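S.K.: Sharing a structure below in C-alpha cells format, with a few things to ask.
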Amino acid sequence: MDSAILASYMPKGTKAYTARCVGTGTVDETQRAAEYCKAYGLEHIIVDVTWEDYLRAMKELALHDGAPIVPNEPQAYLMAERAKADGADYIVYGNCADSEFGGMTKLLSKDWDYKGFVDRFTFLDPKHVLKNPVDMDEIYEPYRSGQDGIDFISFLAGPYGISSATAYTNALHAVGLDFIDPYEHCCLGEPLDLARVRSGDSKYLVRELFRMRYPGMEVPEKLPMSRPADAWMKDWEGPKRDEFLPGCVEGLTGEQKLLLFSLERFMDLMEI
C-alpha cells in the first residue's frame, strides 16, 4: 500500500521493482504490484531472489555497513543492484509510513508497561543464544515513562523508525544509488488516534490516500517483505562459533534463525 501510493505519483514509464523470493512458503506480491503499475503506466520489473543471491548480497551488505544485516536488506540490495544496472540514479521507496502513521497494529494494540514492551519488541533475545549477552536496556531507557511505563509511540517513531530505514539506505548506498522516502518527511499534525488504530483501521490516513489514488481497488493489508526463511533455514544446524550457546536454534522460527545466521556470518567475515 505504501509503495503503491508513491508509485501513483511517478511519471508514466517509470521503472518499478518488485522482489520475488524463490522458495517454498514465500508470498508473491508481483501480481498485485503489476496491477498498480498498470493503473499508472509504469514499467514493472520483477527481481527473482534465490538463496544463492541472498547469500551474496548478505556478504556485500555486511562488509559495506560493518554490521550484521537484517533479513530484508538483501532483497532491497538486489532490487537496487538491478535498478543501478538499468541506469537509475536514485530510488523512491516507501518505508517510514508504518512508524509515522500508526502501522504496527500489534505493537500499538495496548498501553504497554516497560518490561512487557521490551519483551514483545525483542525479536530474538540475546541471552537465549549468546554465552555473554550484552544488556540492551540503554536503547529503551530514554523512553521510560514513570517507574514502569514506556512512551512506546515515541520509541517506534525514533529508534525503530531509524533502524527500519537503515535497512534500505544501507542497501542503496552499497550499490551507489541516491534515494528518497517521502514518508520520512511527513508527520501527523495531531496525535495518533490510537482508538482508531486499535479498532482495525491502522494507518488510517494512508488508507484514505490509497482509496483516492486507486478507486475501486481493495485496500491491501500490510505484509512484511516476504522471504521463505523456514525453507531456507530448515537444514541449518545452528551457529558453530564458541560465542553461541550449544543448541540455541532449537525452537526458533525460520526468521529468527536467519537473523542468527547473519550474525555468525558477519563475525566470520570480520576475521577474514
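S.K.: Could you check D230 against (1) part of a loop (DSSP other than H, G, I, E, B); (2) under 19 Å from E29 (Cα atoms) and say which number it fails?
M.R.: Against the list (1) part of a loop (DSSP other than H, G, I, E, B); (2) under 19 Å from E29 (Cα atoms), D230 comes up short only on (1).
Per-residue answers, yes or no, for (1) under 26 Å from F244 (Cα atoms); (2) of a type in the set (G, A, S); (3) in contact with a Gly (Cβ under 6 Å, 6 or more places away or on another chain):
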| residue | (1), (2), (3) |
| --- | --- |
| D53 | no, no, no |
| R56 | yes, no, no |
| G102 | no, yes, no |
| L107 | no, no, no |
| K110 | no, no, no |
| K115 | yes, no, no |
| F121 | yes, no, no |
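S.K.: Could you please tell me which pairs satisfy a Cβ distance under 9 Å, a separation of 6+ or placement on different chains, a first residue in the stretch 140-165 that is part of a helix (DSSP H, G or I), and a second residue that is at pLDDT 90 or above and among the β-branched types (V, I, T)?
M.R.: Y140/V118; Y140/I150; Y143/I150; F155/I139; P159/I139
S.K.: Here is a check on your reading of the model: is G176 farther than 23 Å from D119 by Cβ and not aliphatic (A, V, I, L, M)? Spell out the reasoning first.
M.R.: On the way: farther than 23 Å from D119 by Cβ: yes; not aliphatic (A, V, I, L, M): yes.
Yes.
S.K.: Which condition breaks for G189 when tested against (1) within 23 Å of I162 (Cα to Cα); (2) over 21 Å from the mean Cα position of the chain (by Cα); (3) modelled with pLDDT of 90 or more?
M.R.: (3)
S.K.: Next question. If I go through the stretch 120-149 residue by residue, how many of them are aromatic (F, W, Y) and farther than 28 Å from L258 by Cα? Even if it seems obvious, please write down each step before you answer.
M.R.: Residues of the stretch 120-149 aromatic (F, W, Y): 121, 123, 140, 143.
Going one step further and asking which of them are farther than 28 Å from L258 by Cα, we end up with 143.
Adding up the residues that qualify gives 1.
S.K.: Moving to a separate point now. Condition check: at positive phi and not acidic (D, E). Does G158 satisfy that? If you could, list the steps in order and put the result at the bottom.
M.R.: Values: at positive phi: no; not acidic (D, E): yes.
Here the answer is no, as G158 does not meet what is asked.
S.K.: Of these, S199, S163, which one is exposed (fewer than 15 other Cβ atoms within 10 Å of the Cβ) and within 20 Å of the chain's Cα centre (by Cα)?
M.R.: Step by step, each of S199, S163 is checked, and only S163 is exposed (fewer than 15 other Cβ atoms within 10 Å of the Cβ) and within 20 Å of the chain's Cα centre (by Cα).
S.K.: Also, I was wondering about something else. Here is a check on your reading of the model: is R207 in contact (Cβ under 8 Å) with a residue 12 or more places away in the chain and in a helix (DSSP H, G or I)? Give the derivation first.
M.R.: Values: in contact (Cβ under 8 Å) with a residue 12 or more places away in the chain: yes; in a helix (DSSP H, G or I): yes.
Yes; evaluated as a whole, the condition is true for this residue.
S.K.: How many residues are of a type in the set (A, V, I, L, M, F, W, C) and surrounded by fewer than 14 Cβ atoms within 10 Å (Cβ to Cβ) when one looks only at the stretch 202-218? Steps first, please.
M.R.: Step one: of the stretch 202-218, the residues of a type in the set (A, V, I, L, M, F, W, C) are 205-206, 209-210, 212, 217.
Now restrict to residues that are surrounded by fewer than 14 Cβ atoms within 10 Å (Cβ to Cβ): 212.
Residues flagged as of a type in the set (A, V, I, L, M, F, W, C) and surrounded by fewer than 14 Cβ atoms within 10 Å (Cβ to Cβ) within the stretch 202-218 amount to 1.
S.K.: I need the full set of residues from the stretch 224-254 which are acidic (D, E) and crowded, with 17+ Cβ neighbours inside 10 Å, in order please. Quick ask: steps written out before the conclusion?
M.R.: First, the residues of the stretch 224-254 that are acidic (D, E): 230, 235, 237, 242-243, 250.
None - no residue of the stretch 224-254 is acidic (D, E) and crowded, with 17+ Cβ neighbours inside 10 Å, so the list stays empty.
S.K.: Still on this structure, please answer the following. Please give the helices (runs of 4 or more DSSP H) falling wholly within the stretch 47-135 in which 1 or more residues are among the charged types (D, E, K, R) and surrounded by 16 or more Cβ atoms within 10 Å (Cβ to Cβ).
M.R.: Details: elements: 51-65, 73-85, 97-101, 114-121.
Passing ranges, in order: 51-65, 73-85, 97-101.
S.K.: Which residue pairs have Cβ atoms closer than 9 Å, lie 6 or more positions apart in sequence or on different chains, and pair a first residue in the stretch 1-23 that is more than 23 Å from L205 (Cα to Cα) and without any contact (Cβ under 8 Å) to a residue 12 or more places away in the chain with a second residue that is charged (D, E, K, R) and part of a strand (DSSP E or B)?
M.R.: Going by the 9 Å Cβ cut-off, there are no qualifying pairs.
S.K.: Would you point out the residue of the stretch 168-195, among those that are free of Cβ contacts under 8 Å to residues at least 60 places away in the same chain and not hydroxyl-bearing (S, T, Y), that is nearest to D65 (Cα to Cα)?
M.R.: Step one: filter the stretch 168-195 for residues free of Cβ contacts under 8 Å to residues at least 60 places away in the same chain, giving 169, 185, 189-191, 195.
So of that shortlist, the ones also not hydroxyl-bearing (S, T, Y) come out as 185, 189-191, 195.
Details: H185: 24, G189: 34, E190: 36, P191: 35, A195: 39 Å.
In this case the residue turns out to be H185.
S.K.: For H44, all conditions in the list (1) under 19 Å from the mean Cα position of the chain (by Cα); (2) surrounded by 15 or more Cβ atoms within 10 Å (Cβ to Cβ) hold save one; what is the number of the exception?
M.R.: So H44 meets the others, but not (1).
S.K.: Here is a follow-up. What tally of residues in the stretch 206-230 results from selecting those that are more than 25 Å from G254 (Cβ to Cβ), within 21 Å of the chain's Cα centre (by Cα) and hydrophobic (A, V, I, L, M, F, W, C)?
M.R.: Taking the stretch 206-230 as the starting set, the residues that turn out to be more than 25 Å from G254 (Cβ to Cβ) are 206-219.
If we keep only those that are within 21 Å of the chain's Cα centre (by Cα) too, we end up with 206-207, 210, 219.
Filter once more, keeping what is hydrophobic (A, V, I, L, M, F, W, C): 206, 210, 219.
Residues flagged as more than 25 Å from G254 (Cβ to Cβ), within 21 Å of the chain's Cα centre (by Cα) and hydrophobic (A, V, I, L, M, F, W, C) within the stretch 206-230 amount to 3.
S.K.: Return the residues of the stretch 1-41 that are exposed (fewer than 15 other Cβ atoms within 10 Å of the Cβ), part of a loop (DSSP other than H, G, I, E, B) and modelled with pLDDT under 95; say none if nothing qualifies.
M.R.: Result: T24, G25, V27, D28.
The values are calculated or read from the model by the stated rules, or taken from the named source; none is laboratory data. Keep in mind that what you see is a predicted model, and the values were worked out from it rather than measured. Glycine also receives a Cβ, built like all others from the backbone with ideal geometry; neighbour counts cover every protein chain displayed.
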